[in-house]
Amino acid sequence: MLSVRIWGARGSIPCPGKDTVVYGGNTSCLEIRAGEKLVIIDFGTGIKPLGDGLMAKEFKKGPIDADIFISHTHWDHIMGFPMFTPLFIPTTRLRIRGPVSYEDDTLEQIFAAQLSYRYWPVRISELSAHIEYDQIKETSMDLGDGLWVTTKYLNHPILCLGYRFEYRGKTIVTAYDNEPFRNLFPTDPEDPSYDEDAAREGDAAAREENEKLLRFFEGADVLIHDSQYTAGEYEKHLGWGHSSFEHAINMANKAKVKKLVLFHHDPNRTDEELARLEGEYQKRIAGRTSMRIMMAREGMLLEA
């Protein structure tokens, strides 16, 4: 069986409080199970309750062993790292993989900087777990026991990867933080900077990258997609690296996705707003597609 549990679905910053109880206030963290294999995506603050659960239930059966994939190293996706309890257990084995941008620092050095005394009382050298760090790009990997992962670059201000997990004919895909690819060159002939060839090439490049994402999503049983904005909000945040609900729904429908999970909720979005938007979008697609759409909630468990 291939499944995913959501431990954190919020974007940008944790936002606990009375208005975020239903959908949750923790930042990005997913737990994927493929048979006996454990895969974790992102060290957002949702990693804290996940780690506590692993220690309470699974540690009794044997050492914690996990493949951990980082979508990217922005703060909201790694800030829970120091609070992941299995890091302090000598028998724990973790393989942490993710992209690193143009900086000279390796993935391990980025986490080491987070665990410096000016930010945290424990140094990375004091962690007891056996940890392997691996910087990855677009690739496909055999994780063993029939589980494969394929990675795809997304459109974000820092290198960011989406992940496609395949296991016994089932597929779970993640695509956050991600903004639709668009032409960055002027397309108005009246613009002083307009260049016809550049505009044409920019259109072609954006179209090609969006088509690559469609192929990456193709036929997924579960797609967890960035949807921080409504269409109107998105127009005010071009270049911030996030998608609208409408874009996520359209892409998923074109790719014949079975279940679309709308993810990376804006920190100002209340439970009431999310419930209202969830109902509105479900009504819009009713009778027009067999795809199911739902807002990500902490604790949500989905089988592929």
*asked:* Cut-off under 18 Å on the C-alpha distance; same-chain residues fewer than 8 positions from Lys61 excluded. Which lysines are left, in chain and number order?
replied: Lys37
_So for each of 140-153, 273-286, 162-175 I average, over its residues, the number of other beta carbons within 10 Å; can you give me the resulting order with the highest mean first?_
162-175, 140-153, 273-286
*Ordering of 83-94, 204-215 by burial proxy (mean other Cβ atoms within 10 Å per residue, highest first)*: 83-94, 204-215
_Relative packing of peptides 30-42, 2-14 - highest average C-beta neighbours within 10 Å first_ = 2-14, 30-42
*Run down the lysines and flag those whose C-alpha is under 19 Å from the C-alpha of Lys254, throwing out any fewer than 8 positions away in its chain.*
Lys152, Lys170, Lys212, Lys283
*Find how many whole Å separate the alpha carbon centroid of the stretch 138-193 from the alpha carbon centroid of the stretch 50-126.*
23 Å
*Based on Cβ point charges of +1 for Lys and Arg and -1 for Asp and Glu, what charge dipole magnitude is obtained for the chain about its Cα centre, in debye rounded to the nearest 20?*
1580 debye
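Every read-out reported here was derived from the displayed coordinates using simple, explicitly stated rules and does not represent laboratory data. Everything quoted here is computed from the prediction, not taken from an experiment. Please note: Cβ atoms are built from the backbone with ideal geometry, for glycine as well, and neighbour counts cover all protein chains shown.
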